[in-house]
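Notes to accompany the following structure.
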Amino acid sequence: MEPPVSQAQEQAPRPRSHTVTTTSSSFTANLSASSSTLAYDREFLRTLPGLFMVTEIGLCFNGSAFVLYLIAAIVDASSVTKELDSHNYNSWAASSFFAFVVTSCYAGNTYFSFISWQSRTLQ
């Protein structure tokens, strides 16, 4: 004689909820466990789309740095006064001069980044 079957055993099993399980809980464990992802990223930067991405990031960085340094240099130059009770005039003038030197360096770097980006997009 077979044992009686309960009502819970007769019902079909319910579908499980969607859960995500991981084998490791930290990012550094995954990073040290697989170095193939880093090798893929290095290879991507050597491809044409990777070079486009790097030059576009450089162009945006240099362009924004140029604009911010230009604003700072103009504010610095406009705050220099030759009053007797103000700070040392030579020090303020020197800081304004070097602010414009740095601004011109970023402007040149932005120009060369743009030329590099433009020559790669035309190819």
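The values are calculated or read from the model by the stated rules, or taken from the named source; none is laboratory data. What you see is a predicted model, and the numbers here were worked out from it, not measured in a lab. These accessible areas exclude ligands, DNA and RNA; they are computed on the full protein's heavy atoms, side chains included. Shrake-Rupley method; radii C 1.70, N 1.55, O 1.52, S 1.80 Å.
Comparison of Phe66, Phe52, Phe27 shows that the only residue that is within 29 Å of the chain's Cα centre (by Cα), open to solvent by less than 80 Å² (accessible area, probe 1.4 Å) and at pLDDT below 85 is Phe52. Across the range 71-90, the qualifying residues are those that are modelled with pLDDT of 85 or more and open to solvent by 60 Å² or more (accessible area, probe 1.4 Å), and the one among them that is farthest from Ser113 (Cα to Cα) is Ser78. Check Ala93 against each of (1) open to solvent by 100 Å² or more (accessible area, probe 1.4 Å); (2) modelled with pLDDT of 85 or more and name the one condition it does not meet. Exception for Ala93: condition (1).
Answer with yes or no whether Gly108 is under 31 Å from the mean Cα position of the chain (by Cα), open to solvent by less than 40 Å² (accessible area, probe 1.4 Å) and at pLDDT below 85. Criteria not met by Gly108.
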